[in-house]
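One structure below.
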Amino acid sequence: MIAFSIFLVLLLLLALLAASSLRILREYERGVVFQLGRFWRVKGPGMVILIPGIQQMVRIDLRIVVMDVPSQDVISLDNVTLKVNAVLYFRVVDPQRAVIQVENFLAATSQLAQTTLRAVLGKHTLDEMLSERERLNLDLQKILDGQTDAWGIKVTNVEIKHVDLNATMIRAIARQAEAERERRAKVIHAEGELQAAEKLARAAEILAQQPQAIQLRYLETLTVIAADKNSTIIFPLPMDIISPLLDAFKRRALPSE
């Protein structure tokens, strides 16, 4: 009876030992295994067997992490104070370095993103932050990716989400936009006047070269005016039209010799 009890105890201990030595890693997980405190290898996915008391394992998730970068107070190159926040996309590509090279890669990446956001945006004007976000996003991504490479982390994308301005600056930007629209309207109007003047000058040159064209244009204008039956119009006749009639009248009035 005592032997059977000892056997059950040993069997239970073996079961507990086996359970403590087995690890199941999902497809997107890797295990960084240390043996007696020294790095041994990266294992997974699937079932991993560890030697209890000798080997320890740290789980690392290889999926893309979406991290919000809190709003940062930024002073732009043209001395405008604003708040900017962003979102960061990254993933672990080297589990060994992510565990060994940095204590907490999530916290380290978050802090690095915040300081980099302030440093990079502080080198640009407010207009560039509002109109050139794609270029700024790319600059942030390249800088962060270069600095986190030593930690085995790949920064895939950085997106600036909001650029918050105070009410005074919003009104100033609105006035600036309105002034810009008025300037463009005046420029377009001036260009239209210039093109019209050029066309009129060209038409005048053509009419000067063809006197008959002037008479045809004159008759066409009379036709247009005559269409309005509710108006009384007094208009002069060109001398080149009246002169032949006057000459014929004078010839008839002179006595024949």
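The values are calculated or read from the model by the stated rules, or taken from the named source; none is laboratory data. These figures come from a predicted structure and were not determined experimentally. No Cβ is skipped: glycine too gets one built from the backbone with ideal geometry, and neighbour counts run over all protein chains shown. Note: areas computed on protein heavy atoms with side chains; ligands, DNA, RNA excluded. Shrake-Rupley method; radii C 1.70, N 1.55, O 1.52, S 1.80 Å.
Laid out as a table, the results:
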quantity	calculated
The lone exception for Phe7 - which of (1) modelled with pLDDT of 90 or more; (2) assigned to a helix (DSSP H, G or I) it fails	(1)
Residue among Glu134, Glu159 that is under 29 Å from Leu62 (Cβ atoms), under 19 Å from the mean Cα position of the chain (by Cα) and touching a residue at least 40 places away in the same chain (Cβ under 8 Å)	Glu159
Members of segment 85-131 that are of a type in the set (A, V, I, L, M, F, W, C) and open to solvent by 70 Å² or more (accessible area, probe 1.4 Å)	Val93, Ile100, Leu106, Leu130
Filter result (under 21 Å from Lys83 (Cα atoms) and touching a helix residue (DSSP H, G or I) at 6+ places or on another chain (Cβ under 9 Å)) within segment 156-175	Asn157, Val158, Glu159, Ile160, Val163, Leu165, Met169, Ile173
Single residue of segment 147-202 satisfying the filter (surrounded by 10 or more Cβ atoms within 10 Å (Cβ to Cβ) and polar (S, T, N, Q)) that is nearest to Asn79 (Cα to Cα)	Asn166
Selection count where residues are part of a strand (DSSP E or B) and closer than 12 Å to Ile24 by Cβ, scope segment 38-63	7
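For every residue, the table says whether it meets (1) polar (S, T, N, Q); (2) within 20 Å of the chain's Cα centre (by Cα).
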| residue | (1), (2) |
| --- | --- |
| Asp68 | no, yes |
| Asp73 | no, no |
| Asp78 | no, no |
| Thr81 | yes, no |
| Val87 | no, yes |
| Ile100 | no, no |
| Thr125 | yes, yes |
| Leu130 | no, yes |
